[in-house]
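K.L.:
Quick one: this structure, given as structure tokens, is what I'll be asking you about.
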Amino acid sequence: MFGSKKTGPGAPSKERARLGQTVGARLEADPNVRAALVGGAQAYCYPDFLDAAQCNTLIAIIDSNRRPSTLLSDRPEQDDYGFRTSDSCDMDRYAPNVAAIDTAIADLLGIPPERGETIQGQRYAPGQQFRAHHDFFHENQKYWAEMQRCGGQRTWTAMVYLNDVEEGGATWFPEAGLRVAPRRGLLLAWNNMSADGRPNPLTLHEGMPVVKGVKYIITKWFREGAWLLS
């Protein structure tokens with residue numbers, strides 16, 4: 001059962017709590033999905049969510065459009081010690097090869113598509129990493145006011161690994177006790193909120209350094225409200 005005695009920063013939210021319950025129930029009812037965490041955080045795995053052709057298409061898009069990854073933070077000094085060293089690109093959500101995948105992720109979780117941010121592709125060469133961080137927004141930082149105007153807090157994250165990695169590159173949740181190795185087509189989804197709708201510190205995670213090979217992933221974040229405005 002999902003829940004934790006630890007409470008995260010910020011106030012409880014009935015809508016975020018509802019999303020945790022409804023999305024969790026939907027994933028647990030899907031025979032292709034298995035729970036990856038039991039206890040203080042919700043996380044689920046879906047092997048072979050994308051096939052080889054879809055993964056190869058997304059890899060080509062990333063290679064053609066990548067740029068150095070950036071951080072949303074009030075602490076610019078983080079860049080000075082290699083906090084996030086990958087390359088990234090924003091996918092065109094309306095491109096046919098991307099739109100079908102974007103829709104499939106939203107349908108899997110049962111979250112309205114307009115709450116989903118644009119899919120981001122990421123490429124990690126040997127030695128590159130993303131140090132331990134939370135996907136939820138820290139409400140005491142300056143960027144929070146702007147985030148409130150474009151959908152509010154991030155709730156669920158869906159990540160898909162696009163290739164096997166020879167060595168390294170795992171996604172590690174040190175507080176929750178979960179480590180996931182890259183496997184082509186594997187989708188990993190987790191709820192960034194606690195049971196009462198507060199940001200959950202147990203979702204701290206990192207993209208561990210790649211040792212051999214190159215890692216490609218896509219990440220889609222969902223908001224508590226509409227991110228895509230009509």
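K.L.:
Inside the range 187-204, can you point out the residues that are assigned to a strand (DSSP E or B) and either out of contact with any Gly (no Cβ under 9 Å at 6 or more places or on another chain) or of a type in the set (S, T, N, Q) (or both)?
P.N.:
Step one: filter the range 187-204 for residues assigned to a strand (DSSP E or B), giving 187-191, 193, 199.
Hits for the range 187-204 are LEU187, LEU188, ALA189, TRP190, ASN191.
K.L.:
If I ask for residues that are surrounded by 14 or more Cβ atoms within 10 Å (Cβ to Cβ), under 25 Å from ALA226 (Cα atoms) and among the β-branched types (Val, Ile, Thr), which ones from the range 8-58 would you list?
P.N.:
Once the filter is applied, which keeps residues that are surrounded by 14 or more Cβ atoms within 10 Å (Cβ to Cβ), under 25 Å from ALA226 (Cα atoms) and among the β-branched types (Val, Ile, Thr), the range 8-58 yields only VAL23.
K.L.:
Also: Looking at GLU139, GLU114 in this structure, which one is within 24 Å of THR70 (Cα to Cα), of a type in the set (D, E, K, R) and out of contact with any Phe, Trp or Tyr (no Cβ under 9 Å at 6 or more places or on another chain)? Outline the logic, then answer.
P.N.:
Working: GLU114 fails: out of contact with any Phe, Trp or Tyr (no Cβ under 9 Å at 6 or more places or on another chain).
Every option except GLU139 fails the conditions.
K.L.:
Please work out which residue is surrounded by the most Cβ atoms within 10 Å (Cβ to Cβ), limiting yourself to the range 187-230 and to residues that are in contact with a Pro (Cβ under 8 Å, 6 or more places away or on another chain) and closer than 17 Å to GLU139 by Cα.
P.N.:
Looking at the filtered set, the residue picked out is MET193.
K.L.:
Also: What's the total number of residues in the range 171-230 that are out of contact with any Phe, Trp or Tyr (no Cβ under 8 Å at 6 or more places or on another chain), within 26 Å of ARG93 (Cα to Cα) and of a type outside the set (Asp, Glu)?
P.N.:
11
K.L.:
Take THR203 and decide whether it is touching a Ser or Thr at 6+ places or on another chain (Cβ under 9 Å) and of a type in the set (S, T, N, Q). Write out each step before concluding.
P.N.:
On the way: touching a Ser or Thr at 6+ places or on another chain (Cβ under 9 Å): yes; of a type in the set (S, T, N, Q): yes.
Answer is yes for this residue.
Laboratory data are not the source of any read-out in this text; all were calculated from the coordinates shown. Since the model is a prediction, treat every value here as computed from it, not as a measurement. With ideal geometry, Cβ positions are generated from the backbone for all residues, glycine too; neighbour counts draw on all protein chains shown.
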